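Derivation of every value follows stated rules applied to the coordinates shown; laboratory data play no part. Predicted model, so just to flag it, every value in this text is computed and none were measured. Note: ideal-geometry Cβ built from the backbone for every residue, glycine included; neighbour counts use all protein chains shown.
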Amino acid sequence: MTDLKDLLILCDMATPGPWELQTSNSYRRVGTQCADGDVVRGTNHPLDNWPDLAAKAGTLEFIAAADPDTVRALALEVLAWRERYPQQVYRPQDDCVALR
């Protein structure tokens, strides 16, 4: 499992989300609502023309670090925390109300 402090560093380096799978034009890529394929897209390496992935520095490392075991462990921690402290569950919409 990826160390949580390392995962936080990679979060700061990766392309900000939210991310979505984009499938138009007969090819798949991951992008944001801001741009098409701006997270990860297929390309050819400029030196040898072999298939490659184009991504902002840190994004591919983040994807590799957010493997299923790491995400599962984080989800289990959150679920356990919510079970122990149900009255303190964070709700993102609370931030929206506070900003109004």
note = Relative contact order in percent for the chain (Cα pairs under 8 Å, 6+ apart) equals 22 percent
Cα centre as origin, Lys/Arg/Asp/Glu Cβ charges: segment 4-99 dipole, Debye = 200 debye
request  = List Asp38, Asp69, Asp48 from most exposed to least, where exposure is judged by having the fewest other Cβ atoms within 10 Å.
outcome  = Asp48, Asp69, Asp38
task = Please find, in a Gaussian network model of the chain (springs between Cα atoms separated by less than 10 Å), the residue of Val30, Val78, Val40 whose mean-square fluctuation is greatest.
result = Val78
query = In segment 1-65, which chymotrypsin sites (Phe, Trp or Tyr not before Pro) are in a loop and have at most 10 other Cβ atoms within 10 Å, using DSSP for the loop call?
reply = Tyr27
key: Farthest toward positive dipole pole in segment 4-99 [+1 Lys/Arg, -1 Asp/Glu at C-beta], among Leu79, Trp50, Ser26   = Leu79
